[in-house]
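Since every read-out is calculated from the coordinates, none of them should be taken as a lab result. These figures come from a predicted structure and were not determined experimentally. Cβ coordinates were reconstructed from backbone atoms using ideal geometry, including for glycine residues, and neighbour counts include every protein chain displayed.
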Amino acid sequence: VGEEVLLKCSFKSSSPITESLLVDWTYRPLTGGQMEIIFHYQSVPHPTAAGKFKDRIFWVGNVANGDASIAIQSPVLSDNGTFFCSVKNPPDV
């Protein structure tokens with residue numbers, strides 16, 4: 001709680017990295033319920049504009065190095081849950 005959290009995500013692709021590469025981070029609270037997209041990357045970062053993570057998620061990845069990591073600032077206990085990283089680099093998924 002209170003310290004920035006790094007959520008690591010690494011990937012490998014047999015296809016060259018292009019502007020078509022997509023990264024989606026989704027979140028499901030510990031209590032269950034709907035998954036929500038909290039971060040999207042395609043050529044540039046697109047953090048969520050609404051919800052509990054608004055203005056607290058930052059891109060720290062480098063897709064050229066196979067890194068799709070994000071950071072969450074000022075985490076609180078209610079942020080606890082499951083975070084999923086999905087990388088698509090057509091034609092690789």
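Apply the Karplus curve 6.51 cos²θ - 1.76 cosθ + 1.60, θ = phi - 60°, to the phi angles in segment 24-33 and return the couplings in whole Hz, x for Gly and Pro.
Here the 3J(HN,Hα) series is 10, 9, 10, 9, 10, x, 4, 6, x, x Hz.
What size of dipole, in debye to the nearest 20, comes out for the chain about its Cα centre when the only charges are +1 on Lys and Arg C-beta atoms and -1 on Asp and Glu C-beta atoms? Write down the numbers at each step before the final one.
Details: 7 positive and 9 negative charges, 28 e Å.
Taking the Cα centre of the chain as origin, the dipole is about 140 debye.
Specify which residue in the list Val44, Thr82, Ser13 is farthest towards the positive end of the charge dipole of the chain, using unit charges on the beta carbon of Lys, Arg (+1) and Asp, Glu (-1), about the Cα centre.
It is Thr82.
Check Cys9: other-chain or 5+ apart residues with amide H under 5 Å from its amide H, H built from backbone geometry?
Amide H neighbours of Cys9: Ala68, Ser69, Ile70.
Quick one: 3J(HN,Hα) in Hz for segment 39-46, Karplus 6.51/-1.76/1.60 with θ = phi - 60°, rounded, Gly and Pro as x.
Along segment 39-46, the couplings run 7, 9, 10, 8, 6, 9, x, 10 Hz.
Figure the gain on full extension for Lys12 and Gln34 (residue separation times 0.36 nm, minus the Cα-Cα span) and round it to one decimal in nm. Before the final figure, lay out each step's value.
Working: separation 22, 0.36 × 22 = 7.92 nm, distance 2.85 nm.
Full extension from Lys12 to Gln34 adds 5.1 nm.
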